[in-house]
1. Spot the failing condition for residue C:153; the list is (1) of a type in the set (Gly, Ala, Ser); (2) open to solvent by less than 30 Å² (accessible area, probe 1.4 Å); (3) facing chain A (nearest Cβ under 10 Å), and only one is missed.
2. How many of the residues in the range B:197-218 are open to solvent by 10 Å² or more (accessible area, probe 1.4 Å) and either of a type outside the set (Val, Ile, Thr) or within 20 Å of the chain's Cα centre (by Cα) (or both)?
3. Tell me, which residue of the range A:110-146 that is among the aromatic types (Phe, Trp, Tyr) and under 15 Å from residue C:13 (Cβ atoms) is surrounded by the fewest Cβ atoms within 10 Å (Cβ to Cβ)?
4. Could you name every one of the helices (runs of 4 or more DSSP H) located completely within the range B:44-136 that has at least 2 residues being at pLDDT 90 or above and closer than 23 Å to residue B:351 by Cα?
5. What helices (runs of 4 or more DSSP H), lying completely within the range C:151-214, carry at least 3 residues that are closer than 20 Å to residue A:21 by Cβ and of a type outside the set (Gly, Ala, Ser)?
6. Given the conditions (1) over 17 Å from the mean Cα position of the chain (by Cα); (2) farther than 25 Å from residue C:246 by Cα; (3) surrounded by fewer than 19 Cβ atoms within 10 Å (Cβ to Cβ), which single one is not true for residue A:90?
7. Quick check on the range B:220-243. Is at least one of its residues among the small types (Gly, Ala, Ser) and touching a Leu at 6+ places or on another chain (Cβ under 8 Å)?
Amino acid sequence: MEAADALAPAAKRSAGRRLADLFHGRPRLQVGTLLAGPLGWLVIGYIGSLAVLLIAAFWSVDSLSGEVNRALTSANFDTLTSDSVYREVAQRTILIAAAVTLTDALLAFPIAFFMAKIAKPRTRGLLVVAVLMPLWSFYVVKVYAWQTMLSSGGIVNWALDPLGLSGPGYGTTAVWLVESYLWLPYMILPIYAGLERIPDSLLSASEDLGAGPGTTFRRVILPIAFPAVVAGSIFTFSLTLGDFIAPSLVSPDTQFIGNVVYDNITTNLPLASAFATVPIAVMVVYLMIARRLGAFEHL
Amino acid sequence: MRKSEAHPARVAWLSLAGIVAFMVLLAGCGSSSDETTGASSEALQKVGKGEGKLDLVAWPGYVADPWMSDFAEQTGCKVSVKEAGTSSEMVSLMRTGQYDGVSASGNASLQLVEGNDVDPVNVDLVPKYKTIFSDLKNQPYNTVDGVNYGIPHGRGANLLMWNSKDVKPAPSSWDVILDPKKAAKYKGKISAYDDYIYIADAAVYLKTHNKGLGIENPYELNQEQFDAAVNLLKEQKPNVGEYWSSATKQISSFANNDSKVGTTWQYQYFALKGEGKPVASSPANQGFVPKEGATGWSDTWMISSSAKHPNCMYKWMDFIVSPQANAEVAQYFGEAPAQSKACASQTLTAAAKAIGVDPNPGFCTQYHAADPSFWKRVYYWITPVADCGNGDTDCKDNNAWIQAWTDIKG
Amino acid sequence: MLRLGVAITLAFIYVPLLVVAIYAFNGGNSIEWPLPSLTTHWFSVAIQDHGAQQALLTSLKVGAAATAIALVLGTLASIAVGRHRFFGRETVSFVIILPIALPGIVTGIALSDTFTQVWGISLSLFTVIIGHATFCIVVVYNNVVARLRRVSGSLEEASADLGAHTWQTFRFVTLPSMQTALVAGALLAFALSFDEIIVTLFTIGAGQETLSIWIYNNLFRTTQPAIVNVVAVLAVLISILPVYLANRLTREEGGAGGRGAGGGTEARAETAAMP
């Protein structure tokens, strides 16, 4: 610092220079200033709004006008606990989210492994693009495509008809199918990245020590790739947990968490807000577990 | 190097806590809802020059061409419409303050009045109001404490519609979708309306089929009657294939044979007929209602209390109940017009031609436009309140209906 | 055997997209399969559809603004985390990731509650941009942090030793090394904002539509059912270029994503793209 000053012209230092000197050697100030913007935005704008959501959960609606009444009351949470439908809806949604996550993990692993370890560089590049492309077609359109396909006159029934079978039609199975489809790329990519990190030498060493492919997979690949799987699962789980558009299109007679929240927004906003705290709680727990398992390194 | 004043993490957590506390305070003291209820603001005294624009919230099919463009030509007010599928949606939209007017059914109109979202309407500024059918004027759903809050648009009954190829014999009663045994025949193909007001449909059914409950008014239900209606719908649920609130989505599901029978509006019925789909509904000689009667609506055009284009809104209200326009929209949607002069056969024929349907001079007779006794079997949507009207105050209110609906859908 | 699995997965991924593409040529009025006839008529209708054009413009505006904000905030945060050690680093990561890890409906209803009930402002494109920027920050952040991890801080120390002050180091050393990560992050953030629908539904004002919302509102048009499919096909075709670009930019210099510790950056970058 002193040396630089000595070399600089004796003329007055510019404001920018003075500011830079202020930061130099003061890492805490640097960190503080750097983080002020983003954290300020996220804490005030986002966490603050989550706080508002939590407070809104304690409001109620006037029976005559339907307007929000801000007097705090625990009536909504009483309803959520006493009326069994909310628990059933939450259970149903969490189960489907888990099923989707499992399905996607099983579907993603083979292709991710192929991309990471077996494909030639050129093929790998193409496969990455191939996996990414669907992300750029609108989510709404993909759900609509499935609605079209699962319709009673749609492709799925048409294809299965000669075999004497019929498609699942609309319903919970359809939701599982569609959600697994939608979020598959979000599972493939982290697993691919995680598998890529495994040095080939490790796999050869395992082989040299006499392990067959199954054993190598179970005892070498899987443990190393597991955090990546958890990372991908954060998205498949969370995206399924809150979705209401896909269920409304391919299962218009069933309620999931997203549907109950969305449907109640115009009729009873505080109750909708109260029920929305359920997926928050679920995801916070999920994220904490995921962090423990090392998933955050693989995002 | 430099001595740090405060541990950065501690500072961070303190500021976090401070900010969250700030938000909590703000939420508590934020813009609160109006205390005054029923206090009427001033109705417009004089209609001035149009503002060039009009933003409306309406049911599907209420604001469409040709009359929408005709209005723009005549008054210079360009209309943009936001279609809604349920009354709660309409109330929500009106509460954003970004619309000038709404075609409100009875279960929206009263909420809007209570919430001060609409202004009284000065009917002297709407000349065509004079010739509106008298049994639509000064009704509980459009007039509060003697103050007029809107201009009647038209009325109709909710329809029972079915696929004429696959649903045989042609149903003459709601039991095809509400009787658990009969409904099971069409399991997964039944289409029910996705709104808590549908509970009234169950009540209408029970009024005929379970006289022991003593249901008089399907919107005034005591605990026992309410529970019976809710249970009926819970029994219906396993057979329901879709709960619909988007008219176009329902059209699509009937067109694709994903739904075969259900409750609907004339708008969807005529759209499907227009596409050549095999749909049928209760015949004209029954007044388009099954034998138990039906729920229905009597809609009112209301003006927002924060309307940015009040002059255009008044012009619209006068226009939409002018004979030609009212005849056009009534025949387009399929409902009874509010304007008595719309029933003149020349007007009906000219309107039919304008919207591209076959002329039907008997339209008003078919739709019972001038027959008040018919409407006794049609129970207009209205907000359920605790006051049962016969001295009891233990009827289930709006909030109870709303909560029960989530329960019914499981 | 593995190749069979890969082929099945790819087929699973692409069949519905092919269905969308085929239905874009639907000559009939219904969605029953097989299609009665094919036509390219809807392409010209879709391109001229006024609502779709407006919605496209809106989506572009929102995407650009949200990406710009996310770039600034994401870069700031990533430099702090990538180049300094401080207590609470993990919490910062947690907070940044939260908007995208929580379901869209939660973010949507929370933001909507706050805007309308607490701040008392009406919803508009401005509120949409705030919502989008919030969950786009993590996309930029992940990309830049990954890059900073690969490029050691010794370069910056050297620059300081040679007499450059903080801004000069940032401008001439740090920024250029992050450049491609910034561009990739920006592309992904833009794509995320472009496709998003749930949070948008809750934060958009009356009468406004992004392209996603336009599609959602027009899914069941009785008179022109194929238009939605056309718009989707066009969107995919047009986006092939940015995908390819983002892919190349995050690839390591000197080879297609090497194995070992440095590889996977591109995948991690793409991973951060979420709905």
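1. It fails just one condition, (3).
2. Going through the range B:197-218 one residue at a time, the tally reaches 12.
3. The residue in question is A:136.
4. B:67-75
5. By residue number, C:154-161, C:166-169.
6. (3)
7. yes
Each row is one residue, and each column tells you yes or no for (1) modelled with pLDDT of 95 or more; (2) more than 9 Å from chain C (Cβ to nearest Cβ).
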{"residue": "A:221", "(1), (2)": "no, yes"}
{"residue": "A:237", "(1), (2)": "yes, yes"}
{"residue": "A:240", "(1), (2)": "yes, no"}
{"residue": "A:253", "(1), (2)": "no, yes"}
{"residue": "A:279", "(1), (2)": "yes, no"}
{"residue": "A:289", "(1), (2)": "no, yes"}
{"residue": "A:294", "(1), (2)": "no, yes"}
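The values are calculated or read from the model by the stated rules, or taken from the named source; none is laboratory data. Keep in mind it's a predicted model, so treat the numbers as computed, not measured. Don't worry about glycine lacking a Cβ; one is built from the backbone with ideal geometry, like all the others, and counts go over all protein chains shown. Accessible surface areas use protein heavy atoms only, side chains included; no ligands, DNA or RNA. Shrake-Rupley method; radii C 1.70, N 1.55, O 1.52, S 1.80 Å.
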